[in-house]
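Participant: Pasting a structure here, questions to come.
Coordinate-derived values only; no laboratory data. Remember, predicted model here, so these are calculated numbers, not experimental data. For neighbour counting, all protein chains shown are included, and Cβ atoms are generated from backbone atoms with ideal geometry for every residue, glycine included.
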Amino acid sequence: MIAIYIIAVASLVAINGAILGSFMMLRRMSMMCDAIVHAVLPGLVIAYLFTASRGSFTMVMGAIASGVLATLLIEWVHAKFRVSADAAIGLTFTTLFSLGIILIAKFAGRVDLDQDCVLFGELAYVPLDLWITASGMNMGPRSLWSVSALTVTVVTFVGMGSRQLVSSTFDPDFARHQGVLVRLWHYLLMFMVSLFTIASFHAVGAVMVMGFFILPSATAYLLVRSVRALILLACLVGVLSVLLGFLFAQFNNVSIAGSIIFVNGIVFALAAWVYQARRPARIFENT
């Protein structure tokens with residue numbers, strides 16, 4: 001049962017990362033996930049200063065607020081000062097991360113307060129963090145419930161807004177003329193990325209979140225030509241990497257999360273070899 005819990009949580013994180021990561025990769029903003037990781041530190045410190053508590057709920061709420069603020073600042077810097085998206089990401093997350101360090105040194109220097117203690121989870125500990133109701137009923141791992149709810153939210157969001165997301169990704173001007181609220185859908189996508197990053201970090205840790213946000217979609221991008229196929233294949237690659245990586249970790253008695261992402265990297269290398277062998281003329285179809 002422990003293995004099932006671990007595989008289930010990792011697979012759901014992989015699916016969420018593959019779906020959102022596909023759109024972010026097409027928008028050339030794959031490093032947004034890493035930016036949010038560093039940008040949440042001020043939110044953690046401020047949440048602690050206001051509540052004097054390091055409880056998971058308090059810290060996660062502070063992290064989400066900080067992550068959303070980071071996405072808004074990145075978009076503002078990118079649009080207002082005409083710098084590239086990657087430069088805006090770098091400027092924002094380094095500034096916010098530095099602010100978090102200053103706040104810790106100034107107001108919380110004597111407290112064991114950092115991202116590792118309140119936010120970064122560990123996949124192997126998933127079966128240990130159980131949700132026990134007031135009546136004593138064991139509902140299973142908390143992480144399984146949280147990432148399941150996140151998966152429903154992500155799938156619903158993409159299912160309802162697929163046309164708007166695709167059109168605004170490939171041709172924002174055309175989408176705008178078709179009545180699509182391009183900026184609104186951009187901000188909604190950024191919010192979903194923030195939610196995915198924070199919730200998944202809390203469940204499985206940084207290595208898996210970053211890996212699943214980039215590797216499955218990058219692997220699928222080498223092999224398919226449509227957005228729909230990209231998302232489906234990315235999800236398949238993610239789940240397959242979870243299964244193979246878990247078996248690799250069990251056989252070699254090494255880190256489960258590290259093994260899963262390592263296998264995902266190997267799968268990408270194989271896809272790159274196939275891509276080089278075929279060298280197709282690849283033009284994405286907006287479907």
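Participant: Can you pull the percent of Cα pairs in segment 187-287 with separation above 25 Å? Walk me through the intermediate numbers first.
Facilitator: Working: 1318 of 5050 pairs.
Cα-Cα pairs of segment 187-287 separated by over 25 Å account for 26 percent.
Participant: Something else: Using the basic label-point model (7 angstrom from Cα toward the beta carbon), what is the Ala3 to Lys106 distance in nanometres?
Facilitator: Going from the Ala3 label point to the Lys106 one covers 5.2 nm.
Participant: Follow-up. With θ set to phi - 60°, apply the Karplus curve 6.51 cos²θ - 1.76 cosθ + 1.60 along segment 38-50 and write out the HN-Hα couplings as whole Hz, x wherever there is a Gly or Pro.
Facilitator: Residue by residue, segment 38-50 yields 6, 6, 7, 4, x, x, 5, 5, 5, 4, 5, 5, 7 Hz.
Participant: Looking at Gly140, Ala3, Phe23, which one has the Cα that reaches farthest to the positive end of the dipole of the chain (charges on Cβ: Lys, Arg +1; Asp, Glu -1)?
Facilitator: Farthest towards the positive end: Phe23.
Participant: Got a sec to turn the phi values of segment 206-217 into Karplus ³J(HN,Hα) couplings, 6.51 cos²θ - 1.76 cosθ + 1.60 with θ = phi - 60°, whole Hz, x for Gly and Pro?
Facilitator: Along segment 206-217, the couplings run 6, 4, 5, 5, 5, x, 6, 7, 10, 5, x, 5 Hz.
Participant: For Thr153 and Phe174, FRET efficiency with R0 = 25 Å and r from the beta-carbon atoms, rounded to 0.05?
Facilitator: Plugging the Cβ-Cβ distance into 1/(1 + (r/R0)^6) gives 0.35.
Participant: Relative to the present Cα-Cα distance, how much length would full extension add between Gln276 and Thr51 at 0.36 nm per residue of separation? Provide the component values of the computation, followed by the final result.
Facilitator: Values: separation 225, 0.36 × 225 = 81.00 nm, distance 5.46 nm.
Between Gln276 and Thr51, full extension yields an extra 75.5 nm.
Participant: Taking amide H positions as placed 1.01 Å from N in the peptide plane, with prolines and chain starts having none, which residues 5 or more places from Gly140, or on another chain, fall under 5 Å of its amide H?
Facilitator: Trp131
Participant: Tell me, what ³J(HN,Hα) does each residue in segment 244-254 have, in order and in whole Hz, if you take phi through Karplus 6.51 cos²θ - 1.76 cosθ + 1.60 with θ = phi - 60° and put x for Gly and Pro?
Facilitator: Values per residue, Gly and Pro as x: 5, x, 5, 5, 4, 5, 5, 5, 9, 6, 10 Hz.
Participant: Right, here's the next one. Treating only the Cβ atoms of Lys and Arg (+1) and Asp and Glu (-1) as charged, compute the dipole magnitude of the chain about its Cα centre; round to the nearest 20 debye.
Facilitator: Details: 16 positive and 11 negative charges, 136 e Å.
The dipole of the chain has a size of about 660 debye.
Participant: May I ask which residue of Val254, Ser226, Leu123 lies farthest towards the positive end of the charge dipole of the chain, with charges of +1 (Lys, Arg) and -1 (Asp, Glu) on Cβ and the Cα centre as origin?
Facilitator: Among Val254, Ser226, Leu123, the one farthest towards the positive end of the dipole of the chain is Ser226.
Participant: In Å, the Kirkwood hydrodynamic radius of segment 58-215 over pairs of distinct alpha carbons?
Facilitator: Its Kirkwood hydrodynamic radius stands at 18.0 Å.
Participant: Averaging the inverse of every distinct alpha carbon separation and then flipping it gives the Kirkwood radius. What is it for the chain, in angstrom units?
Facilitator: Kirkwood radius, the chain: 19.8 Å.
Participant: Now, a different point. Given H placed 1.01 Å from N in the peptide plane, which residues other than close sequence neighbours of Ser226 have an amide H under 5 Å from its amide H?
Facilitator: Glu285
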